[in-house]
Amino acid sequence: MPPIRLGMLRLTDAAPVVLARESGLFAAEGLDVALSVEPSWANLADKLCYGLLDAAVMLPPLALAVALGLRAAATPLLVPMGLSLNGNAVTLAEDLAAPILADGRPEALEAGRRLGRLLAARPKARLAVVHARSTHHLLLRYWLAASGIDPDLDVVIGVIPPAEMVAALESGRIDGFCAGAPWGQMAARAGLGREVVTSAGIWRNHPEKCLAVRADWAGTEPAPLQSLLCALLRAAQRCDDPAEAKELAGLLAADRYVGVPAEAVVASLPGGGPDSSIFFAQAATWPWRSHADWFLGQMARWGDLPAGLDRQAAAREVYRPDLHAEAARALGLPVPDRDRKQEGGHDRPWQLGAAPGPIEMAPDPFCDGAHFPA
Amino acid sequence: MACGLQRGIAGQAADRYDAVKVLLVDANSERAQSVETDLAAAGATLVIRPSPGENLRDSVARVGPDLVIVDMARPDRDSLDDIRHLSRHDPRPVVMFVDRDDPAFMEAAIEAGVSSYNVVGAALPAVKPIVQAAVAMFRRYRQIEAELEKSQASLKERAIIIEAKSLVMRQRNMTEPEAYRWLRRTAMDRNRRIVDIAASVLARSREEK
């Protein structure tokens with residue numbers, strides 16, 4: 001069998017695939033997985049489209065856009081697994097960050113309101129996101145709009161790949177960015193800017209990366225797909241253990257992966273802080289169709305979906321909890337009893353019905369208190 | 001969304017054929033030069049490259065190209081990925097060039113590391129030869145790079161083997177053919193490559209010093 005070609009970007013939350021590769025979890029499942037580190041999300045998407053990759057650590061909105069044919073040829077993709085919650089942040093250049101953070105980091109909406117006042121008295125701020133179809137773009141827009149800032153009129157939003165953000169901030173081409181770890185940390189270490197709000201502050205425990213696989217590959221290779229899911233479920237469990245964080249950061253920091261100092265990586269791994277990435281707990285790996293609903297709803301809100309698209313049907317087609325359930329059952333892990341849940345509005349910890357036993361869930365409020373019923 | 005070739009009526013197509021304006025985005029200036037020559041031969045009348053330091057969106061706005069050909073390794077090409085969405089106030093939709101009838105061609109393009117975008121609104125007759133020319137040149141460069149890398153690697157490997165061989169000759173008091181046979185046998189016994197054994201012999205002697 002040829003190796004499975006799995007794409008990723010230089011980001012801390014690629015942790016599960018890097019750990020599975022480096023610690024032999026793929027090999028233990030009899031898999032030969034070739035990781036391919038791509039310079040940008042568009043490259044990753046193109047290679048998935050044209051069959052140069054079988055699977056990838058993906059942005060959920062981009063996976064949906066590819067599957068729906070919004071950017072090039074429509075390519076059927078499946079999302080059988082979530083790979084992380086949280087992990088992004090909005091970093092602003094020092095001149096904007098300093099007044100916002102004068103008395104510590106405020107709540108997300110307060111930070112947004114302060115930013116709004118600063119924006120009124122200066123030329124339009126230029127903000128960058130990692131891709132037009134990214135969690136970052138949708139959460140940034142959500143936060144700006146909730147804070148009374150019009151994302152289309154009051155700021156200019158451009159696209160720069162995550163690993164290029166720090167250089168763009170340094171050259172003054174942008175005034176801030178929303179990107180995944182460790183790039184906010186790297187900007188702060190260089191004294192160029194500071195994180196004013198984390199993505200968890202905008203939507204606590206929001207879905208971040210997912211695993212996307214080509215539907216034709218999944219169809220012809222159902223057994224390797226199950227093995228892949230099993231290896232990644234085990235890896236996700238280990239990534240959540242703060243005791244593993246140091247070693248994990250060491251692996252990720254290597255030049256062939258993220259290529260930054262391990263200390264910058266460890267900050268957003270579990271145990272690094274309240275808003276750090278979560279890989280397994282709280283059903284992080286379950287591909288919730290209600291997550292797909294939310295992403296599609298936000299894409300529609302900003303005019304990025306064709307009129308008349310059946311969003312629930314699209315979510316059903318692309319997001320495949322049934323594939324996850326099979327792997328989870330094989331490992332004796334709990335399988336949730338539903339594929340949609342209310343997003344937002346859980347203000348305290350709650351239990352998710354699952355077999356054989358329930359899963360402990362944490363609160364998931366949005367910064368503006370909104371909730372999205374299933 | 002509009003993809004692929006948009007053929008106008010024959011007359012229009014002929015007019016337009018003389019006016020395919022290409023924005024060529026490639027940091028490798030030597031390759032860009034070659035691509036430019038080939039594009040002109042394939043029917044691109046005007047090939048423009050971004051000004052130094054200019055971002056892609058600004059280049060597109062300034063040049064108003066019909067076609068953008070971009071090195072995939074250039075990270076800011078993501079800003080072309082549906083530019084419409086991000087610039088509603090200067091709508092100039094840019095869509096990835098897709099030839100639905102020829103998926104192998106698209107695959108070859110991606111593998112060669114080149115991506116192209118149609119700037120929709122211009123009728124684009126026969127852009128495919130232009131894109132094909134770019135793909136062919138990118139592929140040729142990729143092959144040359146791979147060959148160069150391979151030959152440099154083998155030169156380096158040969159130097160390591162020669163150095164290890166003379167070390168083994170001194171240490172074990174062997175002739176040159178004996179030393180080489182020793183390296184080869186050790187490599188076979190351990191199921192490794194000769195150069196790996198040579199490198200570990202050299203590393204060990206460095207540690208001992």
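Numerical summary
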{"quantity": "B:ARG142 versus B:ASP102: modelled label distance in nm, points set 7 Å from Cα along the beta carbon direction", "calculated": "1.6 nm"}
{"quantity": "Lys pairs under 29 Å by Cα in the protein assembly as shown, provided they are eight or more residues apart or on distinct chains", "calculated": "11"}
{"quantity": "Packing-based order for A:117-123, A:349-355, A:330-336, A:283-289, using average beta carbon neighbours within 10 Å, highest first", "calculated": "A:283-289, A:330-336, A:349-355, A:117-123"}
{"quantity": "Principal semi-axes in Å for segment A:256-374 [√(5λ), Cα gyration tensor, largest first]", "calculated": "25, 22, 17"}
{"quantity": "Peptide-level mean, for A:67-74, of C-beta atoms on other protein chains within 10 Å", "calculated": "5"}
{"quantity": "Debye log10 I(q)/I(0) for segment B:111-209, one point scatterer per Cα, at q = 0.14, 0.22 Å⁻¹", "calculated": "-0.66, -1.07"}
{"quantity": "Per-residue mean of C-beta atoms belonging to partner chains within 10 Å, peptide A:39-48", "calculated": "6"}
{"quantity": "Cα lying deepest toward the dipole's positive end in segment A:3-101, options A:LEU96, A:SER36, A:PRO3, charges on Cβ", "calculated": "A:PRO3"}
{"quantity": "Chain A: angle of helix A:222-239 to the longest principal axis, Cα-based, in degrees nearest 10", "calculated": "50 degrees"}
{"quantity": "FRET efficiency estimate (nearest 0.05) - Cβ-Cβ, A:LYS124 to B:LYS156, R0 45 angstrom", "calculated": "0.30"}
{"quantity": "Listed residues A:ALA65, A:ALA14, A:ALA281: farthest to the positive end of the dipole of the protein assembly as shown (Cβ charges)", "calculated": "A:ALA14"}
{"quantity": "Diffusion coefficient, µm² s⁻¹, Stokes-Einstein with Kirkwood Rh over alpha-carbon pairs of the protein assembly as shown at 20 °C and 1.002 mPa s", "calculated": "83 µm²/s"}
{"quantity": "Rounded tilt (10° steps) of A:289-301 against the dominant C-alpha axis of chain A", "calculated": "40 degrees"}
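Since every read-out is calculated from the coordinates, none of them should be taken as a lab result. On a predicted model such as this, the values are computed, not experimentally measured, just so you know. Counting neighbours? That spans all protein chains shown, and the Cβs are built from the backbone with ideal geometry, glycine included.
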